[in-house]
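Please read the structure below before turning to the comments.
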Amino acid sequence: MTDALTMAKRFAFDREPLSVEPYGCGHINETYLVKQAGSRAILQRINRKVFPDIPALMENVAGVTAFLRRVVSREGGDPGRECLRLIPALDGGSYAVDSEGEYWRVYAFVEHTATLQTAETPEQLHSAGVAFGRFQRRLDGYPAATLHEIIPRFHDTASRYEDFERAVAEDRMGRAASAAEEIAFVRARRGEAGRLVSLLERGELPLRVTHNDTKLNNVLLDEKTFAPMCVIDLDTVMPGLSLYDFGDSIRFGASTAAEDETDLSRVSCDLNLFESYTRGFLSECGALLTDAERELLPFGAKMMTYECGMRFLADYLAGDTYFRIHRPAHNLDRCRTQFKLVADMEVKTAEMNAAVARSL
């Protein structure tokens with residue numbers, strides 16, 4: 001395989017790359033820190049097994065980052081810190097391809113920032129809400145329909161339900177009997193699975209640019225103030241619903257336990273964390289969202305949690321072929337955690353609606 005330093009030299013840096021070393025803890029792409037005299041950059045080899053159409057992916061990334069930089073400049077912000085910047089390849093493209101068909105790209109390094117893996121305080125989750133709400137607002141004028149669907153039907157929950165039923169019917173590993181309660185949980189909510197997609201198809205919810213991986217660690221925070229600076233990891237930027245991004249943030253950020261917690265008594269949706277994120281999110285894009293979007297925010301949180309749990313369960317039934325596991329029944333544990341969150345959100349729906357109303 002072509003070495004990283006050789007690939008770094010195929011990009012249009014202002015100064016000659018001096019060294020390249022592994023960087024970060026990502027699980028999908030290979031990431032390297034490129035050092036030059038007086039500056040740094042991020043070099044990545046994009047995982048073509050996960051992303052089979054990398055030219056389409058990079059067209060999305062290039063379009064969105066260029067648009068964001070124009071908006072940030074127009075608002076008087078700092079494009080160097082508030083949005084990612086691709087460094088072009090020597091041929092002017094947004095990526096370079098090595099002799100083995102591997103795709104590489106380079107981002108300018110966003111200095112004096114930090115990331116958090118989990119929110120330790122409501123204020124930190126509020127910052128994530130501000131970042132992703134701002135992401136929505138700043139991309140409001142972007143033609144979402146022109147984006148490539150990098151992962152087809154990614155949040156089409158009705159389609160995910162069909163995949164789940166197929167996994168149950170095939171029961172390749174003979175595990176369905178051990179997950180009867182979880183299968184029944186999914187089926188009991190079948191009628192809700194297609195609600196958001198149906199509203200989109202009827203024009204009752206607007207198509208928007210969505211990030212689709214709205215975890216706290218995809219927000220760069222100022223290293224001193226922890227103010228939100230920049231949303232990163234744009235590989236799954238696609239056309240979708242604002243409710244997808246909001247809902248997935250709540251699924252991950254407002255839970256009181258880890259995604260694979262085995263003690264379900266520790267799992268709940270923390271209403272303080274929910275409201276902190278919601279206030280941050282709506283402070284940036286509340287005026288942009290339609291009445292229907294605002295009203296459905298709690299349902300979006302429930303549906304993204306339900307969908308994720310359903311995917312964990314389907315993968316468990318299929319033999320753990322998609323999500324990486326670290327112990328037997330890991331995916332079953334994960335689905336149980338998600339379903340406990342769903343059940344808790346159902347109990348707390350009125351309180352979640354009240355928190356949204358207070359945040360507007």
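Exactly one residue out of Asn60, Asn47 is at negative phi and either open to solvent by less than 20 Å² (accessible area, probe 1.4 Å) or touching a helix residue (DSSP H, G or I) at 6+ places or on another chain (Cβ under 7 Å) (or both): that is Asn60.
Taken residue by residue, the range 275-282 has at least one member that is touching a Pro at 6+ places or on another chain (Cβ under 6 Å) and modelled with pLDDT of 95 or more. The residues listed here are Glu275, Glu284; of these, the one that is of a type in the set (D, E, K, R), open to solvent by 10 Å² or more (accessible area, probe 1.4 Å), outside any loop (DSSP other than H, G, I, E, B) and under 15 Å from Pro122 (Cα atoms) is Glu275. Could you please find all residues in the range 68-80 being part of a helix (DSSP H, G or I), open to solvent by 40 Å² or more (accessible area, probe 1.4 Å) and modelled with pLDDT of 95 or more? Passing the criteria: Arg69, Arg70, Ser73, Arg74. Among the residues making up the range 76-87, those that are touching a residue at least 12 places away in the same chain (Cβ under 8 Å) and either among the charged types (D, E, K, R) or farther than 20 Å from Val231 by Cα (or both) are Arg81, Glu82, Arg85. Restricting attention to the range 14-52, the residues being part of a strand (DSSP E or B) and either over 23 Å from the mean Cα position of the chain (by Cα) or closer than 20 Å to Thr113 by Cα (or both) number 16. Scanning the range 278-310 for residues being among the hydroxyl-bearing types (Ser, Thr, Tyr), in contact (Cβ under 8 Å) with a residue 60 or more places away in the chain and within 27 Å of Phe185 (Cα to Cα) gives a total of 1. For the structure I just gave you, tell me whether Asp315 is within 21 Å of Ile183 (Cα to Cα) and surrounded by 21 or more Cβ atoms within 10 Å (Cβ to Cβ). Taking the combined requirement at face value, the residue satisfies it. Listed by first and then second residue, the pairs linking a residue in the range 334-360 that is surrounded by fewer than 17 Cβ atoms within 10 Å (Cβ to Cβ) to a residue that is in a helix (DSSP H, G or I) and among the aliphatic types (A, V, I, L, M), with Cβ atoms under 9 Å apart and 6 or more places separating them unless they lie on different chains, are Glu351/Leu271; Asn353/Leu297; Leu360/Leu282.
When restricted to residues that are part of a helix (DSSP H, G or I), open to solvent by less than 50 Å² (accessible area, probe 1.4 Å) and either modelled with pLDDT under 90 or not aromatic (Phe, Trp, Tyr) (or both), the range 135-154 contains 3. If you check Glu261 against the conditions, is it surrounded by fewer than 20 Cβ atoms within 10 Å (Cβ to Cβ) and under 30 Å from Asp140 (Cα atoms)? No: the conditions fail for Glu261. When residues in the range 192-235 are screened for being closer than 18 Å to Arg160 by Cα, touching a strand residue (DSSP E or B) at 6+ places or on another chain (Cβ under 7 Å) and aliphatic (A, V, I, L, M), 0 of them pass. Scanning the range 84-100 turns up no residue that is in a helix (DSSP H, G or I) and surrounded by 17 or more Cβ atoms within 10 Å (Cβ to Cβ). Pairing each residue of the range 154-179 that is closer than 26 Å to Thr210 by Cβ with any residue that is open to solvent by 60 Å² or more (accessible area, probe 1.4 Å), provided the two are 6+ apart or on different chains, yields C-beta distances under 6 Å for Ser159/Arg153. Scanning the range 101-115 for residues that are in a loop (DSSP other than H, G, I, E, B) and open to solvent by 30 Å² or more (accessible area, probe 1.4 Å), we see that the one that is nearest to Val34 (Cα to Cα) is Phe109. For the range 238-250, the criterion of a residue being modelled with pLDDT of 95 or more, of a type in the set (A, V, I, L, M) and in contact with a His (Cβ under 8 Å, 6 or more places away or on another chain) is satisfied by at least one position.
The values are calculated or read from the model by the stated rules, or taken from the named source; none is laboratory data. Note that this is a predicted model, so its numbers are computed, not measured. Backbone-built Cβ (ideal geometry, glycine too); neighbour counts: all protein chains shown. In case anyone asks, the SASA skips ligands and DNA or RNA and just uses the protein heavy atoms, side chains included. Shrake-Rupley method; radii C 1.70, N 1.55, O 1.52, S 1.80 Å.
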